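Written below as structure tokens is the structure these notes are about.
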Amino acid sequence: MSTFIGMPRAGHPGPPADRTVGHLTGDRAFPAAARDSLADTQLRRNLGHATATIRAKRAKVVAEVPDWEQLRDAASAIKTDTMARLPQLLEQLEAAVIARGGAVHWARDAAEANAIVTALVRATGADEVVKVKSMATQEIGLNEALEAAGITAHETDLAELIVQLGNDRPSHILVPAIHLGRAQIREIFAREMPGVDPALTDEPKVLAEAARTHLRATFLRARVAISGANFGVAETGTLTVVESEGNGRMCLTLPQTLITVMGIEKVVPTWRDLEVFLQLLPRSATGERMNPYTSTWTGVTPGDGPQEFHLVLLDNGRTRALGDELGRTALHCIRCSACLNVCPVYERAGGHAYGSVYPGPIGAILTPLLTGITGDEQPNDSLPFASSLCGACYDVCPVKIDIPSMLVQLRAEHVEKAKATHRVPSPEAASMAAAAWIMSDEKRFARAGRLSRLGRPLIRRGRLRMPLPPPLSGWTASRDVPSPPTETFRDWWQRTREDGEQS
Ligand code: SF4
């Protein structure tokens, strides 16, 4: 059985502007949101400690693999090939899932995906579901859609459970509660977890035991489970979920009905290809040599596990990104989050500042690619600027996504669209135009260099003595200004060369 609601094919323009894209856009632009995070010292301490620990673990286990670079090259090549023939591979996956007793549904955007899943749950008569941690369902805002339909979604991943009970938002792809310390987690459990021991301490073991007891009853009761998928193997129709706790496996095996929401880019051609990613992902993600739990399933097996299986293939802007030659490489992402853990901007600003369910360097490119850059003051337009362009994300990415180049391309796209949208240039655009005018003429540039010396009295120890008036204050408020030299390079060159010629 197959339900075709929206057919994603190469060249599809992606969701029109009036279609919902779920949780891909925040309320505020990155600079304003990051300012609040930077003022939160507890958050910065939690993030600094957690990212440093994961970084060190990752570096250690990656160094153990002699062919790590070859594995990265192989992963990048597999993903390039997959994107080049995505429509065929998706059809192959669909046919294989159906042949093994599953059903496949196509969703163009968040609204369609939520409607499909809600209808499927309703058809079972259930009013609650258990969920495996899933970025795709967060992206489309599935929990809220189910709640609106009177269906309760129980997150079962420990960190997701903490975030859900705390009525909070995830701030990291892999460690959604990375922004919280254990004392804060204890407080959430004590306040929100029904029947929890009032003598609960903030010992990790005690907190984990409380969550286990709370979840066990839910697992045994639930008739429907909802998951994402790390990979979908086209040749056999096999879906894969990797996780660390085993809670995912409880969801994937105990309920009668399993519904999987998978982004269309998660397809891999063969099991041989899957092998490459299963080596790269755990080391890049949690610094583990292999995933503690790797669950794979193919359609329905009579008498074993869920007896009804639905696969929802989600576009939600992916074909828009696929149409962009450089941008399509963002779809290679396997959501390991290594780029977040090395990013100096993420480490200080935290995940909430990005506004999207995809934070950090990958979020700064993926989110605007999925929703489109407007050239206006929309929150996502600021994301490509949330980077120092240091390149650390590129160095650690297991599938070699060139995030810095893509950030530069998105910035250029924003500038061009802003030029076309606004008749009056922004202060930044005006200053850049002035700089281009000065630098395009040798004599003008030399004169400007000499004139800069006039600013020397305004600077002391590399800092401006007083803030410049707006709009220049926007630049100087957070930057030191180097003191102009007493002699410009051109003057020095002329003086020393003339001296040399005379001797
Ligand atoms: S961009 Fe690369 S490093 Fe970042 S989450 Fe995706 S696969 Fe991992």
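Just so you know, all these numbers are worked out from the coordinates, no wet-lab data involved. This one's a predicted model, so the numbers in the text were calculated from it and none came from an experiment. Positions of Cβ are backbone-derived with ideal geometry, glycine not excepted, and every protein chain shown enters the neighbour counts.
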Mean separation of Cα contacts under 8 Å (6+ apart) over length of the chain, as relative contact order %: 21 percent
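So how much slack lies between Ala477 and Glu275, counting 0.36 nm per residue of separation and subtracting their Cα-Cα distance, in nm?
So the chain would gain 67.7 nm between Ala477 and Glu275.
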Residues with amide H under 5 Å from that of Val312, placed H, sequence gap 5 or more: His105, Thr260, Val261, Met262
Proportion of all alpha-carbon pairs of region 442-497 beyond 18 Å (%): 43 percent
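Given R₀ = 35 Å, FRET efficiency for Asp168-Asp376 by Cβ-Cβ distance, to 0.05? Please list the in-between numbers first.
Numbers: r = 29 Å, r/R0 = 0.84.
Result of the calculation: an efficiency of 0.75.
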Listed residue (Val268, Ala392, Leu86) projecting farthest to the positive dipole end of the chain, Cβ model: Ala392
Over 30 Å between alpha carbons, listed pairs Lys205/Lys400; Lys60/Lys205; Lys57/Lys400; Lys417/Lys443; Lys79/Lys205; Lys131/Lys205: Lys205/Lys400; Lys417/Lys443; Lys79/Lys205
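With contacts defined as alpha carbon pairs under 8 Å and 6 or more residues apart, what's the relative contact order of region 442-497 in percent? Mind dumping the intermediate values first?
On the way: 33 pairs, mean separation 21.4, N = 56.
Once normalised by length, the contact order is 38 percent.
Per 0.36 nm of contour for each residue apart, how much would the distance between Asp324 and Thr213 grow if the chain were fully extended, relative to their Cα-Cα spacing? Could you put the intermediate results ahead of the total?
Numbers: separation 111, 0.36 × 111 = 39.96 nm, distance 4.76 nm.
Net length gain for the segment: 35.2 nm.
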Considering only the chain, percent of DSSP beta bridges that pair antiparallel, nearest 5: 30 percent
Förster-model FRET efficiency, 22 Å R0, Arg497 and Arg456, C-beta, rounded to 0.05: 0.30
Where no second cysteine Cβ lies under 4.7 Å, the cysteines concerned in the chain: Cys251, Cys333, Cys336, Cys343, Cys390, Cys397
Rounded to the nearest 20 debye, dipole of the chain from Cβ charges on Lys, Arg, Asp, Glu: 1520 debye
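Suppose R0 equals 41 Å; then what is the FRET efficiency for Asp441 and Val65 from their Cβ-Cβ distance, rounded to the nearest 0.05?
Working: r = 53 Å, r/R0 = 1.30.
Efficiency, rounded to the nearest 0.05: 0.15.
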